[in-house]
Amino acid sequence: RGRALGFGSGLVLHCDLAVAGDTAVFGFNEIAHGFPPLIVESYLARYVGEKAALDLVLTGRPVPAWEARSLGMIARVVPDDQLDAAGAALVERLAGLDQRALRAAKSFLRDVVDVPAEERPTYGLEELLRWRGFGNDE
């Protein structure tokens, strides 16, 4: 809700799931103040790609919620008047799921990027079997 510029947008990127109201605005406006946003540049391209990252930091332009969603900065956009309910529903949904499975899914998604693309299906199967207790050497 509102404006999340500079550090606020960086913080949003580090959230596992971010839901924004449709009038929210994101961006990295440090460059307009003569300050290169080098910290955010250390991770921004991971989330939005290099071209979009350069656009965001070199122009410092504000990005509306719908565009932030298309760039991968946030997970969902909802009407402002539904934001609280959408957040509560998301929390309720996650709280009702198997927490061990959620942790495994989150960890796997972060780890699999380091696996060569052609090995990812096998890696996924091996990790699933290990998670289910098969193939443990312990």
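The values are calculated or read from the model by the stated rules, or taken from the named source; none is laboratory data. Since this is a predicted model, take the numbers as computed values, not measurements. Heads up, the Cβs are rebuilt from the backbone with ideal geometry, glycines too, and the neighbour counts pull from every protein chain shown. Accessible surface is based on the protein model in full, side chains and every heavy atom, while ligands, DNA and RNA are left aside. Shrake-Rupley method; radii C 1.70, N 1.55, O 1.52, S 1.80 Å.
Give the residue, chosen from F35, F26, that is aromatic (F, W, Y) and open to solvent by less than 60 Å² (accessible area, probe 1.4 Å). Talk me through it step by step, then tell me what you get.
Values: F35 fails: open to solvent by less than 60 Å² (accessible area, probe 1.4 Å).
Exactly one residue qualifies, and that residue is F26.
Taken over segment 92-117, the criterion of being among the β-branched types (V, I, T) and either assigned to a loop (DSSP other than H, G, I, E, B) or surrounded by fewer than 11 Cβ atoms within 10 Å (Cβ to Cβ) (or both) is satisfied by V113, V115. Go through (1) of a type in the set (A, V, I, L, M); (2) open to solvent by 30 Å² or more (accessible area, probe 1.4 Å); (3) touching a residue at least 12 places away in the same chain (Cβ under 8 Å) one by one and return the number of the condition A88 breaks. Checking A88 against (1) of a type in the set (A, V, I, L, M); (2) open to solvent by 30 Å² or more (accessible area, probe 1.4 Å); (3) touching a residue at least 12 places away in the same chain (Cβ under 8 Å), the one that fails is (3). Identify the single condition in (1) at pLDDT below 95; (2) of a type in the set (D, E); (3) loosely packed, with under 13 Cβ neighbours inside 10 Å that E41 does not satisfy, given that it satisfies every other one. Checking E41 against (1) at pLDDT below 95; (2) of a type in the set (D, E); (3) loosely packed, with under 13 Cβ neighbours inside 10 Å, the one that fails is (3).
Cβ-Cβ distances below 8 Å connect the following pairs, each with a first residue in segment 55-80 that is without any contact (Cβ under 8 Å) to a residue 12 or more places away in the chain, a second residue that is open to solvent by 30 Å² or more (accessible area, probe 1.4 Å), and a separation of six or more residues or different chains: D55/R61.
The set of residues in segment 62-80 that are more than 14 Å from the chain's Cα centre (by Cα) and surrounded by fewer than 14 Cβ atoms within 10 Å (Cβ to Cβ) comprises W66, P79. Sub-9 Å Cβ pairs linking a first residue in segment 95-123 that is within 24 Å of L13 (Cβ to Cβ) and touching a residue at least 12 places away in the same chain (Cβ under 8 Å) to a second residue that is in a helix (DSSP H, G or I) and among the aliphatic types (A, V, I, L, M), at least 6 apart or interchain, are A104/L128; F108/L128, ordered by first then second residue.
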